[in-house]
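Every number here is computed from the coordinates shown, using simple stated rules; none is lab data. Values in this document were obtained by computation on a predicted structure and should not be read as measured data. Cβ: placed from backbone, ideal geometry, glycine included. Neighbour counts: every protein chain shown.
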Amino acid sequence: MIKYLEDILHLIQNGENQFVEFKESKTQLNKNLYETVCAFSNRAGGDIFLGVKDDCSVVGVNNEKIQSIKKDFVTTINNPQKFSPPLYLNIETIKIEDKNILHIHVPMSKSVHSLNGKIYDRNNDSDINITGQNANIAKLYLFKQDSHTEDKIFPYASMDDFDLELIKRIRIVASNRRADTHPWEGLSDFELLKSSGLYKVDKTTNKEGFTLGAILLFGKDETIVNALPHHKTDLILRKVNLDRYDDREIVTTNLIDSYYKMMDFVKKHLNDPFYLEGDMRISLRDKIFREAVANSLIHREYSSAYVAKMIIENSKVVFENANIPHSYGELNPSNFTPYPKNPNIAKIFREIGFADELGSGVKNLYKYSKAYGGSDPVIVEGEIFRVEVHTPSETAQETAQETAQENTKDKILELLRQNPKYTKMDLMQILNKADGTIKEHIANLKKEGKLKRVGSTKSGYWEVKPNAN
């Protein structure tokens, strides 16, 4: 984990190896830079330093060329004609002894990438072209399939890098959801993380430590930034100012608090129309966006620097996040096969009630979206996973609320026809409504001449008028 300038200097002083590469690139990018980017992303990731010679001496990058170099780099790695699939990486300026160097962190990708149709792999400090070597390419694909981004080990991370109060909070939340004793209650913080698959030993390299999943879930904000500098979710409201935004929040914290912040943004900007499931009122908004928000955080491909987004527009909400596709095109319940992209993160979310079993989120989206916005959600899988949930118009919401109120009044009249002796308390319990709601409906029914109270409050009864249809 690169935390401080001293760590970067330490990497440079140790020289090139399987995970570190130097390029002089004083005025322009070295031609073989992209071969290294491809090889790092295909193997175990690594760090590239521009403005550093092979002998570890820092020569710096020409200050006047920095912006053009950055632009050329980003343009090339995003060009599907060059990289397939494209990459989303950051290139940062670092000052060392009055010289500027450029740093590119390349995380291990879940995909096998090619550069100009050629596949490169990393071996020691060399980038090897394995195009046409079917056996080696097959091994590379198997290597990708057997690993999850969340399992990347950070051997120098310690318990000091974690928010212990957050772990305490989550332990309480998980315990309160169970009638019996939760297994977490008898564990130390370290044991909780280890038992949840968030502390691992890599049997191939003997590397041991906390995983990226642990850091994303429970890390302090500064720990997360150092482990994954590109981690963020962009929350945007775009209803009036369509060129920019009406409200915006950039979330860079742990996944637990990210969930709460995303749900708060939804509640702040989306109405919740009245809806009954049987005799029980439920929140369509919470049912739908609980699934969509959790899905965005659980199944995101965190090795990609593509910025995850939640955009609230006039008629829909759009979620986008980086993805390792297992199929391409629009999904629906009939062709959807759930795949655990970050299973340990998903497990924590299930334990605290943020998510249900694998695959249930898509089913719930289809179950409730039509009632909420009038149409099924649109779910498209590709390098970018995209979910569109349609939202009700203001007029539709007002109409739905008026219809729900009329339905409740009709139910009150029907119940009082069956038993004129029902009290307001009886109606509250039968209809599962608040005292104020029942009082308001009864007052309106009296004004409309559909209901009359005969006798006293204790011994009287209700008379439903013949015109009360």
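Between Lys439 and Ser57, residue separation times 0.36 nm minus the direct Cα-Cα distance comes to 129.4 nm. The stretch between Asn241 and Thr131 holds 34.7 nm of extra length on full extension. This uses 0.36 nm per residue minus the Cα-Cα distance. Computed from the Cα positions only, the extents of region 172-232 along the three principal axes stand at 39, 31, 14 Å, in decreasing order. Distance between the 7 Å Cα→Cβ label points at Lys465 and Phe143: 8.2 nm.
DSSP beta bridges confined to the chain are antiparallel in about 85 percent of cases.
Please give the FRET efficiency for Asp286 paired with Thr75, using the beta carbon to beta carbon distance and R0 = 56 Å, rounded to the nearest 0.05. Calculated value: 0.85. Rounded to the nearest Hz, the phi-derived 3J(HN,Hα) couplings of region 186-192 under the Karplus curve 6.51 cos²θ - 1.76 cosθ + 1.60 (θ = phi - 60°) are x, 10, 6, 4, 5, 5, 4, where x marks glycine and proline. Cα-based radius of gyration for the chain, normalised by 2.2 N^0.38 Å, reads 1.26.
Between Met159 and Ser315, the contour length at 0.36 nm per residue exceeds the alpha carbon distance by 51.7 nm. Across region 166-273, Cα-Cα distances exceeding 17 Å account for 66% of all pairs. P(r) tail for region 46-132: Cα pairs beyond 21 Å make up 39% of the total. Apply the membrane-span-like helix rule to the chain: whole DSSP H runs, Cα extent along the own long axis of at least 20 Å, mean Kyte-Doolittle hydropathy at least -0.5. List the helices found. For the chain, where a helix must reach 20 Å along its axis and average at least -0.5, the hits are 255-269, 284-298. Across all directions, the average flat footprint of the convex hull enclosing the Cα atoms of region 233-392 is 9.5 nm².
Loop-located trypsin sites (Lys or Arg not before Pro) in region 159-238 (DSSP state not H, G, I, E or B) with no more than 12 neighbouring Cβ atoms inside 10 Å: Arg177, Arg178, Lys203. Volume per residue for region 4-159 equals 116 cubic angstrom (convex hull of Cα atoms). Once every Cα of region 401-464 carries one equal point scatterer and solvent is ignored, give the base-10 log of I(q)/I(0) from the Debye formula at q = 0.19, 0.27 Å⁻¹, two decimals. Treating every Cα as an identical point scatterer, log10 I(q)/I(0) equals -0.66, -1.39. The share of alpha-carbon pairs in region 1-51 lying farther apart than 12 Å comes to 65%.
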